[in-house]
Amino acid sequence: MKKLLSIVCGIFLFVTIQSQAQNDQSTSAMEKQTIYQFKVKDLSGNDFDFASLKGKKVMIVNTASKCGLTPQYKELEALYKEYASRGFVIVGFPANNFLSQEPGTNEEIASFCQLNYGVTFPMMSKISVKGKDMHEVYQFLTQKAKNGLQDSKVEWNFQKYLLNEKGELVKVISPRTLPNDLEILNWIKG
């Protein structure tokens, strides 16, 4: 009987240790997910590797050319010009998810951004930021299981996601909050 009890206790201990090891691995895998795992295409079709932004604060924003919030391009560009030399980058993702407010091709979007707002911050190829065809970058940004911070929903064009120098999501900012809002400025400077 003692032998049987000893075997059962041994099996229980083994299973408990294995289960804890698996939990530690999955927790550690979740903690290690950052924006740096992604590679995307820019508006010109060139590869853009988020790993190239290691050590920089990053704002990711979904954009649109025919939206009431489109003038935010002006503030985004001013913010980028002012803080780029201090390790801050804005990455724009054109998306046509809200009332078809970004109908253009990548070439048309690039031309619009340059002609109307002089955009120099990195602009990526048009993607989907919600729904069944949501791009993997936005799956990371909106799902706590992937970003480790919070679940969120892209409410509208010009929603902002702030990532720290380690590539970790730290804040989600409403589309209506202007890029030069004190909350964003304090985060960049902090």
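The values are calculated or read from the model by the stated rules, or taken from the named source; none is laboratory data. The structure displayed is predicted, hence computed values, not measured ones. Reconstructed Cβ throughout: ideal geometry from the backbone, glycine too, with neighbour counts over all protein chains shown.
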If you scan region 171-189, which residues turn out to be under 25 Å from Asn97 (Cα atoms), of a type in the set (A, V, I, L, M) and touching a Phe, Trp or Tyr at 6+ places or on another chain (Cβ under 8 Å)? Val172, Ile173
Within region 27-41, can you find the residues that are part of a loop (DSSP other than H, G, I, E, B) and at pLDDT 90 or above? Thr34, Phe38
Any residue in region 33-59 that's without any contact (Cβ under 8 Å) to a residue 24 or more places away in the chain: show its pairings with residues that are in a strand (DSSP E or B) and among the β-branched types (Val, Ile, Thr) at Cβ separation under 9 Å, as long as the two are six or more apart or on different chains. Asp47/Val40; Asp49/Val40
Go through (1) closer than 18 Å to Cys67 by Cβ; (2) buried (at least 19 other Cβ atoms within 10 Å of the Cβ) for Ser111 and report which single condition fails. (2)
Can you say whether Ser100 is free of Cβ contacts under 8 Å to residues at least 40 places away in the same chain, loosely packed, with under 15 Cβ neighbours inside 10 Å and more than 26 Å from Arg176 (Cβ to Cβ), as far as the supplied structure shows? no
With the condition being under 22 Å from Lys41 (Cβ atoms) and either at pLDDT below 95 or of a type in the set (Lys, Arg) (or both), I'd like the strands (runs of 3 or more DSSP E) fully within region 72-190 carrying at least 1 qualifying residues. 160-163
